[in-house]
Amino acid sequence: MIYLLDLNYTLVANSEQIKKPFCKQIENEVYRHDLIEKIKDDKVILVTARPKYYQPHTIKSIQEKTDLPLANVYFNEGFPPPQWKEKALLKYIFPLYGNDTKQYMAIESNPKTRNMYMKHGIVSMTYKEFMEEMP
């Protein structure tokens, strides 16, 4: 399985706690270890609406706080979340990992982005749905 993992409100458990500057917020992020345990033995691709500018700080935080191996990461290049994630899927992910949509599952907080994934034939669910439905 290849998981397309959302960051805010999915991997990050405390996304609603806003801190300024944003780098401080990243430092204080808490990651969902129950989710990580379920997906870490598969291929995990982080696809986030977070701007590319924050990629180094975010990846450092994830690496320091978790044992989640990320096969690849795609940070936003300046588009609304559903459009960005569709672009990442079509331009980067499918060419690299193939377009057999049965091998993918998206764990995603944004309903419009879940719909976009489903339009491409990829099963997509929220963190809560995933935790309840997946063994």
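The values are calculated or read from the model by the stated rules, or taken from the named source; none is laboratory data. What you see is a predicted model; the values in this text were computed from it and never measured. Cβ placement follows ideal geometry from the backbone for every residue including glycine, while neighbour counts extend to all protein chains displayed. Ligands, DNA and RNA are stripped out before the accessible areas are found, and what is left, the full protein with its side chains, is counted by its heavy atoms. Shrake-Rupley method; radii C 1.70, N 1.55, O 1.52, S 1.80 Å.
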Quiz item: For the chain, the longest stretch holding no GluC sites (Glu not before Pro) located in a DSSP loop with at most 16 other Cβ atoms within 10 Å is which?
Solution: 17-76
Exercise. Output the pairs from Lys40/Lys119; Lys60/Lys91; Lys87/Lys119 with a Cα-Cα distance over 20 Å in this structure; if there are none, say none.
Key: Lys40/Lys119; Lys60/Lys91
Quiz item: Quick one: accessible area per residue over the chain, 1.4 Å probe, rounded to a whole number of Å²?
Solution: 52 Å²
Quiz item: Rounded to a whole number, what % of the accessible area of region 34-135 do carbon and sulfur atoms account for, probe 1.4 Å?
Solution: 53 percent
Exercise. Name the most mobile residue of Ala71, Ala88, Ala106, meaning the one with the largest mean-square fluctuation, in a Gaussian network model of the chain with Cα contacts below 10 Å.
Key: Ala71
Exercise. Excluding residues on the same chain fewer than 8 positions from Lys38, give the aspartates and glutamates whose Cα lies under 20 Å from its Cα.
Key: Asp6, Glu29, Glu64, Asp67, Glu108, Glu129, Glu132, Glu133
Quiz item: How high is the FRET efficiency from Asn99 to Glu64, r the C-beta distance, R0 30 Å, rounded to 0.05?
Solution: 0.30
Exercise. Taking amide H positions as placed in the peptide plane 1.01 Å from N, state which residues far from Ala106 in sequence (5 or more) or on other chains have amide H under 5 Å from it.
Key: Leu4, Val123, Ser124, Met125
